[in-house]
Amino acid sequence: MSAAAPHRVLFVASECYPLLKTGGLADVAGALPRALMAMGQDVRVLLPAFPKVKAAAAEQKKVAKIKDLFGGPATVLEATADTGLKLFLLNAPHLFDIKGNPYLDEEGQDRADNALRYGGFARAAADLAMGRLGKWHADLVHAHDWQAGLVSAYLQKEGAARPKTVFTIHNLAFQGLFPKTVLKDLELPADLFGPDGLEYWDKVSFLKAGIVYSDHVTTVSPSYAAEIRTEDGGMGFGGLLASLGDRLSGIVNGIDTEVWNPAADPAIAAPFSQKKLTPKAKAKRALQKEFGIRPDKHAPVFSVVSRLTEQKGLDLLVGALPHLVGNGAQLVVLGSGDAALEDAFAEAAKTYKGNVGTFIGYNEDLSHRVQAGSDFIFIPSRFEPCGLTQLCAMRYGTLPVVARVGGLADTVIDANLAALQSGAGTGLQFSPPAQEPLNAAIDRALSLFGDKPTFRKVMKNAMGYDVSWDRPAAAYGALYDRLIQL
Ligand code: ADP
């Protein structure tokens with residue numbers, strides 16, 4: 001419980017579990033506000049009313065009208081999610097009535113009208129926060145990723161009356177870059193365009209706007225916060241981020257421990273827990289069956305639940321397949337993304353029939369069964385702001401095998417001798433994310449799997465590791481207190 005009076009906090013995010021999810025941002029936007037609400041904060045989440053969102057939200061009530069939001073009328077609806085989350089939906093059919101991925105078109109390219117879509121979203125968010133759209137107003141706006149980057153730019157002109165602003169970078173690779181001509185369409189003053197403002201090499205960057213105009217910037221782990229301040233990890237923003245000093249900090253994500261609970265998970269065959277681990281064997285057998293691989297309890301099952309992209313380093317895993325399968329291990333892959341990686345894993349399921357199973361696609365329930373039934377999960381990312389799958393895995397007693405980068409470095413305790421002797425160790429780390437170190441990590445995993453008492457001990461350590469939102473939410477609460485008192 002935060003010591004100060006409850007704050008009115010407006011979360012601004014383009015996706016939110018369980019209404020709409022393409023990645024970790026949705027998990028955070030769905031769970032962190034609930035953890036903050038449990039601490040007594042008055043948190044609302046503003047979402048674009050995409051068709052899926054409108055269909056999933058309950059108790060929708062119109063609270064405000066906007067005559068013209070960049071080319072069409074809009075309304076603000078108050079609503080709730082099944083999880084109890086309090087929502088505002090920005091209902092602007094000319095911007096949000098789209099099918100499929102909210103950012104990409106059918107060819108996987110950025111949607112051509114994204115600047116207006118997310119510019120309109122940010123504009124409405126700023127007005128809502130100022131109390132101009134209905135009765136509610138915010139003491140603080142917490143905006144997420146480039147889609148909400150312009151909120152603080154719109155709030156700029158409000159002077160001292162404006163709420164405080166926090167901007168969270170979930171992934172620096174997505175920078176919201178648009179031609180500078182969009183500034184006029186978005187009704188932003190021309191003087192914001194410059195190297196100290198939202199200009200990035202003669203373009204407008206929504207992400208940069210969030211970084212430059214917010215009172216505080218966070219990212220989703222301390223290690224990633226350090227990495228992005230550098231030339232190597234800064235993806236063009238290293239100097240700017242370094243210049244923020246202590247206005248930039250890292251707070252590691254949690255996961256929703258009700259949604260991810262092996263003792264009460266409707267998606268899995270038999271519940272299990274740290275104290276009652278035996279039924280996990282049933283989940284493993286069921287997983288081997290579901291992915292069409294050999295049902296063998298002695299074969300270690302490794303898994304992947306991921307976007308299949310360059311970032312995630314899964315090409316390294318393709319390279320490691322002969323080594324992995326050649327040593328008697330099995331692999332199940334759940335993911336979608338780059339065609340070359342999708343094809344490589346589909347091909348692997350044929351080449352290593354009976355030992356490799358692939359499901360190309362996005363499937364929430366299946367992701368729970370993969371987490372429950374695997375012995376290890378691979379996360380060989382080249383960079384990883386926080387990563388959530390390793391947290392889910394640990395909760396299900398599945399040991400993460402991770403590249404030592406970003407949030408993976410901060411959340412997985414390498415089960416080396418020293419860690420094991422002091423009763424720690426929740427997975428395996430390797431560095432750098434390259435073929436040889438990954439192969440060596442596979443060897444370590446195999447020998448750990450062969451040492452049953454130690455393997456079981458590490459599984460229990462992993463299941464006992466605190467992956468909840470309790471600590472992170474308290475850290476955000478303290479940050480809000482500090483900014484609001486400034
Ligand atoms: P990112 O946000 O970079 O994609 P994270 O690890 O932070 O990676 O979050 C990914 C989230 O998406 C996790 O909750 C993971 O379980 C989920 N996920 C990724 N791919 C799939 C998939 N193919 N099917 C179901 N869930 C998936």
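The values are calculated or read from the model by the stated rules, or taken from the named source; none is laboratory data. Please read these numbers as outputs of a predicted model, since none were measured by experiment. As a convention, Cβ positions derive from the backbone with ideal geometry for all residues, glycine included, and neighbour counts pool all protein chains shown. Accessible surface is based on the protein model in full, side chains and every heavy atom, while ligands, DNA and RNA are left aside. Shrake-Rupley method; radii C 1.70, N 1.55, O 1.52, S 1.80 Å.
Scanning segment 1-51 for residues that are farther than 19 Å from Gly134 by Cβ and among the acidic types (Asp, Glu) yields a total of 2. Residues in segment 286-297 that are in contact (Cβ under 8 Å) with a residue 12 or more places away in the chain and either part of a loop (DSSP other than H, G, I, E, B) or surrounded by fewer than 17 Cβ atoms within 10 Å (Cβ to Cβ) (or both): Glu290, Phe291, Gly292, Ile293, Arg294, Asp296, Lys297. Of the residues making up segment 330-359, those that are among the acidic types (Asp, Glu) and within 15 Å of the ligand (Cβ to nearest atom) are Asp338, Glu342. In segment 201-220, of all residues being of a type outside the set (Val, Ile, Thr) and under 13 Å from Lys164 (Cα atoms), the one that is nearest to the chain's Cα centre (by Cα) corresponds to Gly210.
Okay, residues lined up against (1) basic (Lys, Arg); (2) in contact (Cβ under 8 Å) with a residue 60 or more places away in the chain; (3) farther than 26 Å from Glu78 by Cβ:
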site	(1), (2), (3)
His94	no, no, no
Ile98	no, no, no
Asp105	no, no, yes
Ala126	no, no, no
Val141	no, yes, no
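Among the residues making up segment 163-181, those that are assigned to a strand (DSSP E or B) and open to solvent by 20 Å² or more (accessible area, probe 1.4 Å) are Lys164, Leu177, Phe178, Pro179. Mind checking which pairs have a first residue in segment 331-350 that is within 18 Å of Arg294 (Cβ to Cβ) and a second that is acidic (Asp, Glu) and within 15 Å of the ligand (Cβ to nearest atom), Cβ under 9 Å, 6 or more apart or different chains? From residues that are within 18 Å of Arg294 (Cβ to Cβ), the pairs are Val332/Glu290. Scanning segment 317-329 for residues that are surrounded by fewer than 22 Cβ atoms within 10 Å (Cβ to Cβ) and within 16 Å of the ligand (Cβ to nearest atom) returns no hits.
Do we find a residue being touching a Leu at 6+ places or on another chain (Cβ under 7 Å) and closer than 28 Å to Asp451 by Cα anywhere in segment 281-294? Within segment 281-294, not a single residue is touching a Leu at 6+ places or on another chain (Cβ under 7 Å) and closer than 28 Å to Asp451 by Cα.
Would you check if Gly387 is more than 12 Å from the ligand (Cβ to nearest atom), outside any helix (DSSP H, G or I) and crowded, with 24+ Cβ neighbours inside 10 Å? For Gly387, the condition - more than 12 Å from the ligand (Cβ to nearest atom), outside any helix (DSSP H, G or I) and crowded, with 24+ Cβ neighbours inside 10 Å - is not met. Segment 182-282 holds helices (runs of 4 or more DSSP H) entirely within its bounds, and those carrying 1 or more residues that are within 16 Å of the ligand (Cβ to nearest atom), modelled with pLDDT of 95 or more and buried (at least 16 other Cβ atoms within 10 Å of the Cβ) map to 206-213, 222-227.
Scanning segment 298-316 for residues that are part of a loop (DSSP other than H, G, I, E, B), within 16 Å of the ligand (Cβ to nearest atom) and small (Gly, Ala, Ser) yields one hit, Gly313. When segment 130-143 is limited to residues that are more than 24 Å from the chain's Cα centre (by Cα) and of a type in the set (A, V, I, L, M, F, W, C), the one that is nearest to Ala153 (Cα to Cα) turns out to be Met130. Based on what the data block shows, is Ala64 away from the ligand (no atom under 16 Å from the Cβ) and either more than 26 Å from Tyr476 (Cβ to Cβ) or hydrophobic (A, V, I, L, M, F, W, C) (or both)? Spelling it out, Ala64 is indeed away from the ligand (no atom under 16 Å from the Cβ) and either more than 26 Å from Tyr476 (Cβ to Cβ) or hydrophobic (A, V, I, L, M, F, W, C) (or both). Scanning segment 371-384 for residues that are open to solvent by 10 Å² or more (accessible area, probe 1.4 Å) and either assigned to a strand (DSSP E or B) or under 20 Å from Ser273 (Cβ atoms) (or both) turns up Asp375, Ile379. With the requirement that a residue be open to solvent by 10 Å² or more (accessible area, probe 1.4 Å) and in contact with a helix residue (DSSP H, G or I) (Cβ under 6 Å, 6 or more places away or on another chain), what does segment 345-368 give you? Within segment 345-368, Tyr352, Asn355, Thr358, Ile360 meet the criteria.
Of the strands (runs of 3 or more DSSP E) lying entirely inside segment 1-82, those containing at least 2 residues that are open to solvent by less than 20 Å² (accessible area, probe 1.4 Å), closer than 30 Å to Leu104 by Cβ and modelled with pLDDT of 95 or more span 8-12, 42-48, 74-80.
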